[in-house]
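In what follows, a single structure is set out as structure tokens and then discussed.
The values are calculated or read from the model by the stated rules, or taken from the named source; none is laboratory data. Computed from a prediction, not measured in an experiment: that's the story for all the values here. Every residue, glycine among them, receives a Cβ derived from its backbone with ideal geometry; neighbour counts consider all protein chains shown. These accessible areas exclude ligands, DNA and RNA; they are computed on the full protein's heavy atoms, side chains included. Shrake-Rupley method; radii C 1.70, N 1.55, O 1.52, S 1.80 Å.
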Amino acid sequence: MPAQPDLRSSEPQRGGLSATQQALDAQTALLPYALAVFTISLPAYVWAGSHAPNAVWMSATFAIFAAAWAAFYGAVNWLKKPEAALDLKMRGRIQILCALIWAFAVAQIAFFADGAGAGREPLLITAVAAAVVIIFFASPWLPSLLIVGPAAAAGPLIALFAQAETRELANLSWGAVALAMALALIFNRVLRRQFEMAAERETLISDRAGMVEAARRLAQSKSDLVATLSHEIRNGLTGVAHVLAAAAGRNGRGAPSREQLSAALDAANDLISVLNTTLDSETAEAGRLSVEARPFDAVNLLRDLVLLNRPNATAKGLELALHVSDDLAGATTGAALADAHRARQILANLIGNAVKFTLRGRVEARIEQTLSGRIAIEIADTGPGLAADEMERAFEPFLRIERTSAGTSGAGLGLSLSRQLARLMGGDLTAHSAVGVGSCFRLELPFDAAAVPEREVLQAEVSTTPGPSERKALRVLIAEDDGLNAAMLRAVLEQLGHHVVHAVDGRRAFELVKAIDFDLVMIDGRMPNMDGPQTIAAIRALAGPGGQAPIIAVIGGDAEEAMECTAAGADAVLRKPVSVGAVARAVADAISSGRTEPENRVVA
């Protein structure tokens with residue numbers, strides 16, 4: 001009879017049936033044969049009992065035997081039902097009870113035989129044989145064997161040892177029962193080993209199936225990644241290429257207009273956004289995305305994002321409103337405990353989506369403190385709304401809802417990545433929506449009412465630093481083997497007013513630092529001849545001002561690469577692709593960090 005896993009167990013079942021479940025199944029499969037054996041033995045028992053002088057006693061014994069047979073028959077039928085297989089504990093109790101019923105029947109046969117006159121010895125031998133049969137049928141499951149075996153043999157052996165004339169027969173019976181128990185224990189050990197091997201095999205098969213499914217999902221994810229990036233890169237670069245072709249005067253076209261340049265810039269920014277989101281999503285999927293929880297002012301962060309998105313909303317005729325609860329608006333202390341950069345990434349995605357997909361009406365951002373002591377930020381809109389199944393798919397990576405996203409760009413990774421980031425920071429991202437009414441996305445983050453936002457400390461520090469007109473132009477050395485990356489970094493630094501010297505590899509950068517005093521050194525993490533960590537360590541080993549120069553490691557986003565660079569002595573880490581704001585922050589962090597305080601190194 002097939003058995004099912006124990007649904008009452010809280011432990012997940014990785015493979016097939018457990019050894020205990022297989023033992024119970026084996027014993028259950030033997031029960032009908034046990035019933036048949038006792039049915040066939042009934043005529044022999046009746047013949048032996050017919051020699052007893054006490055007919056009433058014999059009739060009562062037959063009645064007990066019949067009752068035991070009926071109870072056993074009912075238990076066998078119950079064990080055949082599917083619901084019986086769901087409860088291993090109940091099955092075990094029922095099977096032990098059935099065996100004890102037969103043990104009691106054997107005992108009453110033995111005591112009946114003790115007064116059966118000429119039929120005493122045949123009946124007692126029959127009872128011993130019945131006890132051996134019970135031991136055999138109880139052997140698949142060890143608890144049943146250890147409980148039922150001695151109970152079944154006790155009655156006949158006691159009756160045989162009770163009278164002197166059957167002592168020799170009692171010794172023979174005792175040996176037979178002991179041999180039966182020994183063989184049953186050996187048989188049980190063999191069965192248990194087979195059951196354990198079968199359970200282990202089923203577990204291995206289940207694990208293998210899980211690994212195959214994981215590999216299939218990974219392959220599908222990579223396929224979706226390639227397809228999505230191919231589509232987005234092709235569209236973005238095609239538009240940029242057309243504008244650049246016009247700027248170069250090819251095909252007789254005139255110079256591109258401001259609108260064309262603006263469209264090309266938007267396409268390039270969209271492409272960068274897709275690439276950044278895709279890389280972050282892949283890093284999070286691999287479990288290598290880290291966040292740093294620090295207190296920050298969530299109200300000001302949300303207010304900045306609303307102001308940043310208001311022009312886009314106004315251009316579409318939408319109202320973009322902000323509502324701050326009274327307890328947060330008037331609070332002098334209290335801060336969200338999360339990674340401010342990642343929280344900004346989540347909220348920027350939610351507000352951007354709300355503005356993008358809402359055609360008319362309004363978008364509202366709300367922030368409040370929950371009863372559980374967390375901070376909740378809701379972004380509600382009057383957009384097309386999503387059905388329950390559409391909302392579920394919206395949080396799946398690389399899935400876009402065609403009904404609402406037709407004609408819009410994106411990789412379908414924003415919500416998936418946002419939820420991963422929220423949970424990584426100890427919060428959560430949930431949503432509810434109604435078709436034709438709108439959607440509301442809710443971000444919850446940990447909150448400390450007594451914490452002081454780091455923004456206030458930074459403002460105090462910034463107020464003591466020189467303004468843009470007083471800022472000193474720095475002499476910066478950049479070590480970058482890639483020509484395009486070097487050109488972009490030079491353009492950003494020169495836009496910030498600094499003077500730039502370029503070295504094509506780490507060895508050349510090290511020679512320049514030995515010969516010239518630079519105000520700042522920016523080193524690529526992966527270069528030929530001497531890579532970033534080696535170059536940083538070599539510069540730090542120099543005596544004099546060169547060894548104490550602020551150093552920024554420019555990396556491709558690998559966490560291991562960042563750790564190697566900071567361990568070698570970098571004051572700040574800047575991830576590619578660089579932006580003006582990120583470079584400005586990294587430069588400020590590197591210049592302001594002292595060589596005696598390595599814990600101040602930050603990642604921009």
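The figures follow:
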item	result
Mean Cβ neighbour count within 10 Å, used as a protection proxy, ranking 181-191, 123-133, 421-431, 566-576 highest first	123-133, 566-576, 421-431, 181-191
Region 135-196: mean projected area of Cα convex hull, nm²	3.9
R0 of 56 Å, Cβ-Cβ distance ASN171-MET211: FRET efficiency to nearest 0.05	0.40
Karplus-derived 3J(HN,Hα), 6.51/-1.76/1.60, for each residue of region 364-375, Hz, glycine and proline x	10, 9, 10, 9, 7, 9, 7, 5, 7, x, 9, 10
Separation of the ALA451 and ALA329 label points, Cα + 7 Å toward Cβ, nm	2.4
Shape parameters for region 492-544, alpha-carbon atoms, Rg then Dmax in Å	11.3, 32
3J(HN,Hα) from dihedral phi, region 380-392, Karplus parametrisation 6.51/-1.76/1.60, rounded to Hz, x for glycine, proline	10, 9, 10, x, x, x, 10, 6, 4, 5, 5, 5, 5
Estimated vicinal HN-Hα couplings, Hz - region 326-337 in sequence order (Karplus 6.51, -1.76, 1.60; Gly, Pro = x)	4, 5, 8, 5, x, 7, 9, 10, x, 8, 6, 9
Surface per residue (accessible, 1.4 Å probe) for region 300-353, Å²	48
Summed side-chain charge close to GLY506 - residues other than GLY506 whose Cβ falls under 11 Å, Lys, Arg +1, Asp, Glu -1	-3
